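The values are calculated or read from the model by the stated rules, or taken from the named source; none is laboratory data. Keep in mind that this is a model prediction, so the values were computed, not measured. Glycine gets a Cβ as well: all are built from the backbone with ideal geometry, and neighbour counts include every protein chain shown. With ligands, DNA and RNA removed, areas are computed over all heavy atoms of the protein, side chains included. Shrake-Rupley method; radii C 1.70, N 1.55, O 1.52, S 1.80 Å.
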Amino acid sequence: MTVKVVVGTQYGDEGKGRIVDFLAKDADMAVRFQGGDNAGHTVINDFGQFALHMIPSGIFNPQTVNVIGTGCVVNPLALKAEMEMLEASGIDIGNLYISNRAQMLMPYHLELDRLEEAQRDTGQKIGTTQRGIGPAYEDKTSRSGLRMGDLLHSVWLEERLENLAPRISQRLTSLGGVAPDLGECFAVCEEARGFLADRIVDTVPLMRAALAQNQTILVEGQLGIMRDLDYGVYPFVTSSHPSAPYAAVGAGVPLQAITHIIGITKAYATSVGSGPFPTELDDETGATLRNVGGEYGATTGRPRRCGWLDVVTLRYAAFLNGVTEFAMTKLDVLDEFKTIKVCVGYRCPDGRVERDSMPDTPLMEQIEPIYVELPGWRESTVQCRTWSDLPPTAQEFVHFVEQQTQVDITYIGVGPARDQLVVR
């Protein structure tokens, strides 16, 4: 029995999808455990280049069962578009299933997200993608949400929608919006029932059977620890928990079944959205990282904020997630730099230096990163396939990060293609 959890250890967009795509070759099941279509995984393989937002990255392996787990929120129409995109590229999606306990995102969640973000003061805007994720999770916790399994019980679903309508109308009109069109909501549900009914299942028996048969399960999240609802740069966070402890809940597996926790980090750092980002480079170096790395959001196309690698964040993520190994992506983006900086500590406003924990958000806005400068290698790594192929200075960079985090780096990405990966 092998259960591998793949999580982001920065601010999201670390390259989790390409690692899951690689690992799925040997996986029996791939499970998405939280989030919605507000973030994406870019995958490049023999089939082409794809931006996945809801569907697990194991979908390209026809032998892998893919599950959108209970911890997710699902926009049925967005999921339909993603399914059609894959089918148009010749991908078999017959092995895709959705937990009947996953929350369903409705049209009014999109409008609530837009209106709430518009009313926030400029300095307090969260940077939401306005995909309705926050309001959908809000309804979940207030026990007024709809679940994907409700699509299989039409009378129950209609009664729920009608009972919820006054509450939703009050929220929308108080923000300057208009009451939801129940006819539109019913139409969305009818359409969703038509193309998803056969895929909506109780996933607990699936997980139980997979574990009993000693299958290999990959569990993937979106975003990263610094966007975690509890442990990220609150309130500039997502509305769920993209961290390994929640993976068991969101996927529906026993905690003790998890055998590996693979933390994904870029060789530098990026962030999309608002909030503190200590190593951000608002200069030519940051622009170079963005342009060479193609740092634009897979979901929104927004340019990502770029900066040097921050091992304070990695140490924090390694502890909270229980990371057993790191995968470092995009090492090749650093190929042309003469020198490379790594943040090893934060100098707080009171002069205190923090290396092992994360200051609270108000302090994060004021801290000064403490850098160590390392030599670059000034040669291409994109053809490297073994550890010995990497330039000695690139190896030293990897060793430095390992020494700083006390976690081995077992996968090193040197390009976006599936085979551009050094496995140690």
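Okay, residues lined up against (1) small (Gly, Ala, Ser); (2) over 19 Å from residue 338 (Cα atoms):
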| position | (1), (2) |
| --- | --- |
| 363 | no, yes |
| 368 | no, yes |
| 375 | no, no |
| 404 | no, yes |
| 417 | yes, yes |
| 424 | no, yes |
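Residue check: is residue 324 closer than 19 Å to residue 262 by Cβ and in contact with a His (Cβ under 9 Å, 6 or more places away or on another chain)?
Answer is yes for this residue.
Which pairs have Cβ atoms under 6 Å, sit 6 or more apart or on different chains, and link a residue in the range 182-200 that is in contact (Cβ under 8 Å) with a residue 12 or more places away in the chain and among the small types (Gly, Ala, Ser) to one that is assigned to a helix (DSSP H, G or I) and buried (at least 17 other Cβ atoms within 10 Å of the Cβ)?
192/76; 192/151
Determine whether residue 67 is closer than 24 Å to residue 422 by Cβ and in contact (Cβ under 8 Å) with a residue 12 or more places away in the chain.
No.
Inspect all residues belonging to the range 416-423 and state whether any of them is open to solvent by less than 50 Å² (accessible area, probe 1.4 Å), out of contact with any Phe, Trp or Tyr (no Cβ under 7 Å at 6 or more places or on another chain) and within 26 Å of residue 344 (Cα to Cα).
no
I need the full set of residues from the range 357-369 which are buried (at least 16 other Cβ atoms within 10 Å of the Cβ) and within 22 Å of residue 268 (Cβ to Cβ), in order please. Please lay out each step first, then the result.
We begin by selecting, within the range 357-369, every residue buried (at least 16 other Cβ atoms within 10 Å of the Cβ); these are 358-359, 363-364, 367, 369.
Result: 358, 359, 364, 367, 369.
Does residue 129 fit the bill of being at pLDDT below 90, under 19 Å from the mean Cα position of the chain (by Cα) and open to solvent by 20 Å² or more (accessible area, probe 1.4 Å)?
On the way: at pLDDT below 90: yes; under 19 Å from the mean Cα position of the chain (by Cα): yes; open to solvent by 20 Å² or more (accessible area, probe 1.4 Å): yes.
Considered against the rule, which asks whether it is at pLDDT below 90, under 19 Å from the mean Cα position of the chain (by Cα) and open to solvent by 20 Å² or more (accessible area, probe 1.4 Å), residue 129 comes out as yes.
Open to solvent by less than 20 Å² (accessible area, probe 1.4 Å) and farther than 18 Å from residue 306 by Cα: which single residue out of 382, 401 fits that description?
The unique qualifying residue is 401.
Is it fair to say residue 178 is touching a Ser or Thr at 6+ places or on another chain (Cβ under 8 Å), more than 23 Å from residue 63 (Cα to Cα) and not in a helix (DSSP H, G or I)?
Against the criterion (touching a Ser or Thr at 6+ places or on another chain (Cβ under 8 Å), more than 23 Å from residue 63 (Cα to Cα) and not in a helix (DSSP H, G or I)), residue 178 does not qualify.
With the structure loaded, tell me whether residue 175 is open to solvent by 10 Å² or more (accessible area, probe 1.4 Å), over 27 Å from the mean Cα position of the chain (by Cα) and hydrophobic (A, V, I, L, M, F, W, C) or whether it fails that test.
yes
Report, by residue number, each residue of the range 91-101 that is farther than 20 Å from residue 147 by Cα and open to solvent by less than 60 Å² (accessible area, probe 1.4 Å).
91, 93, 94, 95
Output the qualifying pairs, or none if there are none: Cβ atoms under 7 angstrom, residues six or more apart or on different chains, first residue in the range 25-44 and without any contact (Cβ under 8 Å) to a residue 60 or more places away in the chain, second residue in a loop (DSSP other than H, G, I, E, B).
Pairs that qualify, where the first residue is without any contact (Cβ under 8 Å) to a residue 60 or more places away in the chain and the partner is in a loop (DSSP other than H, G, I, E, B), are 25/61.
One residue is enough: does the range 406-424 have a residue meeting the conditions over 26 Å from residue 43 (Cα atoms) and in contact with a Pro (Cβ under 6 Å, 6 or more places away or on another chain)?
No.
Show me the strands (runs of 3 or more DSSP E) found entirely inside the range 357-424 where at least 3 residues are within 24 Å of residue 280 (Cα to Cα) and hydrophobic (A, V, I, L, M, F, W, C).
In the range 357-424, the matching strands (runs of 3 or more DSSP E) lie at 368-375.
Would you please name the residue that is least open to solvent (accessible area, probe 1.4 Å), looking only at residues in the range 345-356 that are in a strand (DSSP E or B) and either among the aliphatic types (A, V, I, L, M) or without any contact (Cβ under 8 Å) to a residue 60 or more places away in the chain (or both)? Quick ask: steps written out before the conclusion?
First pass over the range 345-356, keeping only residues in a strand (DSSP E or B): 345-347, 353-354.
Checking which are either among the aliphatic types (A, V, I, L, M) or without any contact (Cβ under 8 Å) to a residue 60 or more places away in the chain (or both) leaves us with 345, 347, 353-354.
On the way: 345: 0, 347: 95, 353: 62, 354: 38 Å².
Out of the qualifying residues, it is 345.
Taking the stated definitions as given, is residue 250 at pLDDT 95 or above and out of contact with any strand residue (DSSP E or B) (no Cβ under 6 Å at 6 or more places or on another chain)? Reasoning before the result, please.
Working: at pLDDT 95 or above: yes; out of contact with any strand residue (DSSP E or B) (no Cβ under 6 Å at 6 or more places or on another chain): yes.
When the stated conditions are applied, residue 250 passes them.
Looking only at the range 190-223, which residues are of a type in the set (Val, Ile, Thr) and open to solvent by 30 Å² or more (accessible area, probe 1.4 Å)?
Correct list: 201, 204, 216.
Any residue that is surrounded by fewer than 17 Cβ atoms within 10 Å (Cβ to Cβ) and either among the hydroxyl-bearing types (Ser, Thr, Tyr) or within 23 Å of the chain's Cα centre (by Cα) (or both) - is there at least one of those in the range 231-241?
Within the range 231-241, one or more residues are surrounded by fewer than 17 Cβ atoms within 10 Å (Cβ to Cβ) and either among the hydroxyl-bearing types (Ser, Thr, Tyr) or within 23 Å of the chain's Cα centre (by Cα) (or both).
Test residue 332 against the criterion of being crowded, with 22+ Cβ neighbours inside 10 Å and either over 25 Å from the mean Cα position of the chain (by Cα) or outside any strand (DSSP E or B) (or both), and give yes or no.
yes
If I ask for residues that are in a loop (DSSP other than H, G, I, E, B), open to solvent by 30 Å² or more (accessible area, probe 1.4 Å) and closer than 23 Å to residue 327 by Cα, which ones from the range 274-308 would you list?
294
Counting only residues that are in contact with a Lys or Arg (Cβ under 7 Å, 6 or more places away or on another chain), within 24 Å of residue 246 (Cα to Cα) and in a loop (DSSP other than H, G, I, E, B), how many does the range 261-273 have?
Total satisfying the criteria: 1.
Taking the residues in the range 46-57 that are of a type outside the set (Phe, Trp, Tyr) and surrounded by fewer than 19 Cβ atoms within 10 Å (Cβ to Cβ) as candidates, determine which candidate is farthest from residue 240 (Cα to Cα).
Step by step, filter the range 46-57, then rank; the result is 46.
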